[in-house]
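**Q** The structure is given below, and queries will be raised subsequently.
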Amino acid sequence: MARKVGDHYQYSGAVHVHTTVSDGTKTLDEVIAIGQSAGLDFLMLSDHMDLAGREAGGEGKYGKMLVLIGYEHNDEDDIHHYLIFGSPGVYPREMSAKEYVAAAAVDGALGIIAHPDEIRPKEGRHPPYPWLDWSVEGYDGIEIWNQMSEWMEKLTAWNKVPMAFSPRKSMAGPTARLLKIWDEVSMTRKVVGVVAVDAHAFAIGVGPLTVQIFPYKVHFRTLRTHVMLPERLSDDFEIARDQVYAALRDCRAFGSNMRWGSADGFQFTAENSSEKAISGGSVSDVQNTRLWVDLPSRALVRIVGNGSTLLQTESESVDYAVTQAGIYRVEAWKGKRGWIFSNHIRVGI
Ligand SMILES: [Zn+2]
Ligand SMILES: [Zn+2]
């Protein structure tokens with residue numbers, strides 16, 4: 001549901017969702033119905049190497065929920081997974097990561113690097129699908145947190161039972177390694193950080209039982225990507241689609257784990273006497289700028305500037321005086337559990 005916070009309307013959605021078009025376990029219609037009942041404002045579907053849902057006319061407004069259908073590209077070695085929204089079709093599998101990232105950019109599609117940080121052992125039934133080639137340029141975003149990926153990374157033979165029955169409890173947050181990569185690349189240009197569910201609703205065997213890991217409805221009430229729009233989301237599908245893609249491209253977004261409370265109302269701004277910016281924006285005056293953070297409830301807040309933690313405090317709101325030029329973002333944690341992650345505001349650069 002739209003929520004006006006400051007000068008912008010906030011909407012939240014689920015990014016990176018599979019259906020039976022590839023290896024998900026529910027059909028497009030079923031996933032859409034679950035998304036609606038979970039109260040999503042938008043749903044971004046991305047089956048592996050397949051746009052059948054979009055070709056069948058599946059994109060559109062379903063009641064108040066916007067459904068966008070892209071796909072997840074992988075190279076021939078099945079690494080370098082890349083979410084692509086708005087491409088004319090599925091690019092050839094023979095392309096290298098460099099080539100399909102470039103092709104998507106040329107076609108004006110939105111491209112997001114998926115689960116780049118998987119490092120689990122290659123042996124076994126679920127090998128990692130990391131992003132290895134960081135020399136690639138031109139991607140629009142990075143999944144800074146992938147729910148299924150974090151769950152798989154943590155899974156061992158010993159914790160399989162609690163992990164299967166309480167999958168949300170295990171979620172900690174983005175890895176420091178990945179946040180560092182994101183901060184570094186963001187110093188050179190805008191790269192949106194999104195949180196992704198990577199929903200499949202797989203079933204796994206736990207002893208004599210078969211347990212469905214992260215049913216869609218659980219995913220849809222956990223990691224949400226929030227976008228901030230200057231105007232309400234349009235009732236016209238194509239305008240609404242472009243509003244969401246533009247917000248993501250512009251980094252007017254933040255991610256949250258709903259498990260620790262709704263992030264609706266979260267606010268992060270940079271202000272001085274003549275300028276004001278939210279994530280994705282910039283202000284030019286360094287010496288007179290203050291960063292303001294408002295949270296829906298008390299949490300451990302970190303102000304991160306140019307990749308370093310500059311302030312850490314337990315609070316519901318923070319006011320921080322900027323002293324040097326750079327890129328600034330905010331993290332909010334509930335104890336050791338990641339809750340809200342903003343995108344960057346640029347100050348004096
Ligand atoms: Zn993938
Ligand atoms: Zn996936």
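**Q** Could you tell me whether segment 44-52 includes any residue that is surrounded by fewer than 18 Cβ atoms within 10 Å (Cβ to Cβ), aliphatic (A, V, I, L, M), in the same structural domain as residue 127 (by TED's automatic domain parsing) and over 19 Å from the mean Cα position of the chain (by Cα)? Even if it seems obvious, please write down each step before you answer.
**A** Within segment 44-52, the first condition is being surrounded by fewer than 18 Cβ atoms within 10 Å (Cβ to Cβ), and the residues that meet it are 48-50, 52.
Applying the additional criterion that residues be aliphatic (A, V, I, L, M) yields 49, 52.
From the residues that got through so far, the ones that are in the same structural domain as residue 127 (by TED's automatic domain parsing) too are 49, 52.
Imposing the further condition that a residue be over 19 Å from the mean Cα position of the chain (by Cα) reduces the set to 49, 52.
Yes, that holds for at least one residue.
**Q** Being hydrophobic (A, V, I, L, M, F, W, C) and modelled with pLDDT under 95 is the filter here; which residues of segment 38-85 pass it? Can you show your working first?
**A** Here is the first cut: in segment 38-85, the ones hydrophobic (A, V, I, L, M, F, W, C) are 38, 40, 42-45, 49, 51-52, 56, 65-69, 79, 83-85.
79 - this is the single residue of segment 38-85 that is hydrophobic (A, V, I, L, M, F, W, C) and modelled with pLDDT under 95.
**Q** So which of 114, 104, 97 is surrounded by 22 or more Cβ atoms within 10 Å (Cβ to Cβ), within 14 Å of ligand 2 (Cβ to nearest atom) and small (Gly, Ala, Ser)? Before the answer, list the steps.
**A** Working: 104 fails: within 14 Å of ligand 2 (Cβ to nearest atom); 97 fails: within 14 Å of ligand 2 (Cβ to nearest atom).
Unique residue meeting the criteria: 114.
**Q** Please identify the pairs in which a residue from segment 184-213 that is without any contact (Cβ under 8 Å) to a residue 24 or more places away in the chain has its Cβ atom under 7 Å from the Cβ atom of a residue that is open to solvent by 30 Å² or more (accessible area, probe 1.4 Å), counting only partners at least 6 apart or on another chain.
**A** 210/203
**Q** Something else now. The conditions are (1) among the polar types (S, T, N, Q); (2) open to solvent by less than 10 Å² (accessible area, probe 1.4 Å); (3) within 23 Å of the chain's Cα centre (by Cα), and residue 289 fails exactly one of them. Which is it?
**A** The single condition residue 289 does not satisfy is (3).
**Q** Grab the helices (runs of 4 or more DSSP H) fully contained in segment 140-204, keeping just those with 3 or more residues being over 18 Å from residue 120 (Cα atoms).
**A** Values: elements: 147-154, 160-165, 176-186.
Correct list: 160-165, 176-186.
**Q** For segment 25-74, give me each residue that is within 16 Å of ligand 1 (Cβ to nearest atom), more than 19 Å from residue 245 (Cα to Cα) and among the acidic types (Asp, Glu).
**A** Hit for segment 25-74 is 50, nothing else.
**Q** Has segment 219-227 got any residue that is modelled with pLDDT under 95, surrounded by 15 or more Cβ atoms within 10 Å (Cβ to Cβ) and among the basic types (Lys, Arg)?
**A** yes
**Q** Still on this structure: Residues in segment 201-234 that are of a type in the set (Gly, Ala, Ser) and touching a helix residue (DSSP H, G or I) at 6+ places or on another chain (Cβ under 8 Å): how many? Please lay out each step first, then the result.
**A** Going through segment 201-234, the residues of a type in the set (Gly, Ala, Ser) turn out to be 201, 203, 205, 207, 234.
With touching a helix residue (DSSP H, G or I) at 6+ places or on another chain (Cβ under 8 Å) added as a condition, the list becomes 201, 207, 234.
So the count comes out to 3.
**Q** May I pose another question? Scan 246, 203, 240 and give me the residue that is away from ligand 1 (no atom under 16 Å from the Cβ), open to solvent by less than 10 Å² (accessible area, probe 1.4 Å) and more than 25 Å from residue 117 (Cβ to Cβ). Explain how you work it out, then say what you get.
**A** Numbers: 246 fails: open to solvent by less than 10 Å² (accessible area, probe 1.4 Å); 203 fails: open to solvent by less than 10 Å² (accessible area, probe 1.4 Å).
Checking each option against the conditions leaves just 240.
**Q** Something else about it: From the residues in segment 80-98 that are hydrophobic (A, V, I, L, M, F, W, C) and part of a loop (DSSP other than H, G, I, E, B), which one is farthest from ligand 1 (Cβ to nearest atom)? Reasoning before the result, please.
**A** Step one: filter segment 80-98 for residues hydrophobic (A, V, I, L, M, F, W, C), giving 83-85, 90, 95, 97.
Those left that are additionally part of a loop (DSSP other than H, G, I, E, B): 90, 95.
On the way: 90: 15, 95: 16 Å.
So the residue we want is 95.
**Q** May I pose another question? Does residue 70 satisfy the criteria of being crowded, with 23+ Cβ neighbours inside 10 Å and under 30 Å from residue 211 (Cβ atoms)? Reasoning before the result, please.
**A** Values: crowded, with 23+ Cβ neighbours inside 10 Å: yes; under 30 Å from residue 211 (Cβ atoms): yes.
The answer is yes for residue 70.
The values are calculated or read from the model by the stated rules, or taken from the named source; none is laboratory data. These numbers come from a predicted model, not from an experiment. All Cβ positions, glycine included, derive from the backbone under ideal geometry; neighbour counts span all protein chains shown. Heavy atoms of the whole protein, side chains included, go into the accessibility calculation; ligands, DNA and RNA do not. Shrake-Rupley method; radii C 1.70, N 1.55, O 1.52, S 1.80 Å.
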